[in-house]
Amino acid sequence: MYDLILKNCQIVNENIIFESDIAIKNDRIELISSDITSESKQTVDIEGRYVIPGLIDDQVHFREPGLTHKGDIASESRAGLAGGVTSYFEMPNVNPTTTTNENLTKKFELASTRSLSNYSFHLGGSNNNIEEIKKVDINQAAALKVFMGASTGEMLVDSLDALDDIFNYSPLIVVTHCEDPQRVKDREQLFLEKYGNDLCAEHHHLIRDVESCYLSSSLAVDLAKKYDSDLHVFHLTTEKELDLFVAGDVDGKKITSEVCVHHMHFNESYYSELGNQIKCNPSIKEESDRLALIKALHDKKIDIIATDHAPHTWDEKMQAYPDAPAGLPLVQHGLQILMDFYNQDILSLETIVEKTSHNVAKRFQIKERGYIREGYYADLAILDVNKPYQVSNENILYKCGWSPFAGKTFNSSIYMTIINGYVAFEGGRVKEELPFGKQIEFDR
């Protein structure tokens, strides 16, 4: 007997769409076949809705430990389930920072009794933790996160000697945030002198400009080529940076890249309306950059789509521009942003699945997730492409309680999210009693 049978699915998987049923037993997909008639504890008629692999978001900030007034592992993983995100990699810039293997292990212990979705964590690089990096368990940590800009204290890696060591010796994929810290510092001073108290979010993309990103991204790519490193550059924002990357399938490359949903959706014209709500690093750039990023997805220069979910409280974001922190909450609404691109005939469902699930699993060598396959974990998102969804204060699940999309109506809804075989989200609500997610395993 099966635990759950999903009838009349339109499965989107491995670049095809086909009609089938799915039978789930325990936490796994047991059978994919047309017209499954076996006994099951529960049967759900999906009525022809699209079923895709649960999203794997390789770039989120859930703020635990130390910054839990903004968000925490429980609250943000719950919000992610409402957005079809069943697995995530979380960032090291918490308090204390995840720059030691001891702190990395403590985060896994935290998540084991807090996370409602599947989890892994990035070890963080610093100017002086190369010995910790060399000792990391490659089957525990997702990757090595290196902030080559846009961070402070020990998380900013601005020593060329340290970067040489990291790219030379890291046993993990190096994942980078690329903005040149000296150029950003110089431009901040230049704009402060020019605008004084009138400095505002509309200047953000001019301060953290195209050249700031390119200088740093090109350095990362040069170092990766020098040491034959595995490099994945997070959140590209500029057309110019695309020249650094080659087109092709993700599993044929050692240097890869990604784009985030907000850089695909917004351009500089939104600063006047949303201000600090969309202040983020790297910054949202111009329309020509946004269009180039989307084209690069089709050209296979950009391999992965993520959110860089980064919540802050409303009061923090409403400070004067220089004091407002960078980042915005996105993990609940990222898939709906992408579904709007589908409805506009800009992205196919097959491309969305490839960039949010398949390629993440391939790039980071994730074991038995990221695909709809017999024997794989039953992590699924089911889409209602014809049911609009309006974002409101009442249905925002982020601990910070706000979204730059408040009041917006998306063209599609998330009908259901299944994680490890368990229906976690249905009827617009995350279930109250949920089992904890599982630690993501790697096949390295």
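The values are calculated or read from the model by the stated rules, or taken from the named source; none is laboratory data. Since this is a predicted model, take the numbers as computed values, not measurements. Note that each Cβ is placed from the backbone with ideal geometry, even for glycine, and that neighbours are counted across all protein chains shown.
For the reader, a short list of remarks on this structure follows.
- Answer residue from the stretch 292-316, given it is in contact (Cβ under 8 Å) with a residue 12 or more places away in the chain, out of contact with any strand residue (DSSP E or B) (no Cβ under 9 Å at 6 or more places or on another chain) and not hydroxyl-bearing (S, T, Y) and is surrounded by the most Cβ atoms within 10 Å (Cβ to Cβ) among those: P311
- Residue that is at pLDDT 95 or above, within 17 Å of V353 (Cβ to Cβ) and not β-branched (V, I, T), where the choices are G71, G84, G66: G84
- Failed criterion for K399 (all others in (1) closer than 28 Å to L291 by Cβ; (2) in contact with a His (Cβ under 9 Å, 6 or more places away or on another chain) hold): (1)
- Scan of the stretch 1-16 for residues that are touching a strand residue (DSSP E or B) at 6+ places or on another chain (Cβ under 6 Å) and either hydrophobic (A, V, I, L, M, F, W, C) or part of a loop (DSSP other than H, G, I, E, B) (or both), ordered by number: D3, L4, I5, L6, C9, I11, V12
- Selection within the stretch 230-243 - farther than 25 Å from I337 by Cα and surrounded by fewer than 19 Cβ atoms within 10 Å (Cβ to Cβ): D243
- Residue in the stretch 212-226 that is surrounded by fewer than 17 Cβ atoms within 10 Å (Cβ to Cβ), in the same structural domain as H309 (by TED's automatic domain parsing), closer than 21 Å to G125 by Cβ and more than 27 Å from the chain's Cα centre (by Cα) present: yes
- Filter result for N386 (at pLDDT below 95 and either farther than 21 Å from I440 by Cβ or not assigned by TED's automatic domain parsing to the domain that holds N8 (or both)): yes
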